[in-house]
Structure formats: C-alpha cells, structure tokens
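Beneath this line is the structure, given in structure tokens, with notes to follow.
Nothing in this text is a laboratory measurement; each read-out follows from the coordinates by a stated rule. Quantities reported herein were computed from a predicted structural model and do not represent experimental measurements. We place every Cβ from the backbone using ideal geometry, glycine too, and count neighbours over all the protein chains shown.
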Amino acid sequence: GESVEVSPRGRGSARTRLIRGGEFLMGTDRPKIVGDGESPSRLVRISQDFLLDAYEVTNGEFSAFADETRYVTDSERYGWSFVFHLELDP
C-alpha cells in the first residue's frame, strides 16, 4: 500500500506513517521452510487505514514497552522461540 507521512498525534511520532487499507499478495509460492505458514501466497485485504512506525523498534524500545505494559512474548509464554537465524543473509 501507499505510505504517507502524517503529523504526530496520540502515541504517534514524527517517524509514524499512514498505511492505507487495500489488497495485496502476502506470502510465497516458493517457501524455504514449508511449515512456517508463509505459503501459499494469498490475497489479503486490510479494511482500515492504520499508523505504523517507519523504522524498526529497538531492543531498548521493546523492553520499555514490555515493562510498561507487562507484555508477555510468545517465547516467554511457550518457553521457546522459533528463530530463523540460519536463513538470514549475513
């Protein structure tokens, strides 16, 4: 979808972008790991516009968020994490 810069408001920041709703293809028809749920490619519809940071969240920002909200990650909940570290480009 199209990305448009918006003014900070609420919990948004100068790096927040408006993502317009619409349709797009998500996933792949040539998965590296068949069981990861990323295949087959499929049409996805986002029904409402939403705000998204333009940059990744740092570990420090995520830690502050988790502390403030008492957020429990899936890896904490299930006691393990499925990480694709062997599939990442160096």
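Tell me which of Leu52, Thr69, Ile33 sits at the most positive position along the dipole axis of the range 13-70, charges placed on C-beta atoms (Lys, Arg +1; Asp, Glu -1). Among Leu52, Thr69, Ile33, the one farthest towards the positive end of the dipole of the range 13-70 is Ile33.
Summing Lys, Arg as +1 and Asp, Glu as -1, what charge do residues with Cβ under 11 Å from the Cβ of Thr28 carry, Thr28 excluded?
0
What net charge do the residues around Glu61 carry, taking every other residue with its C-beta under 12 Å from that of Glu61, with Lys and Arg at +1 and Asp and Glu at -1? Spelling it out: positives minus negatives among the neighbours equals -3.
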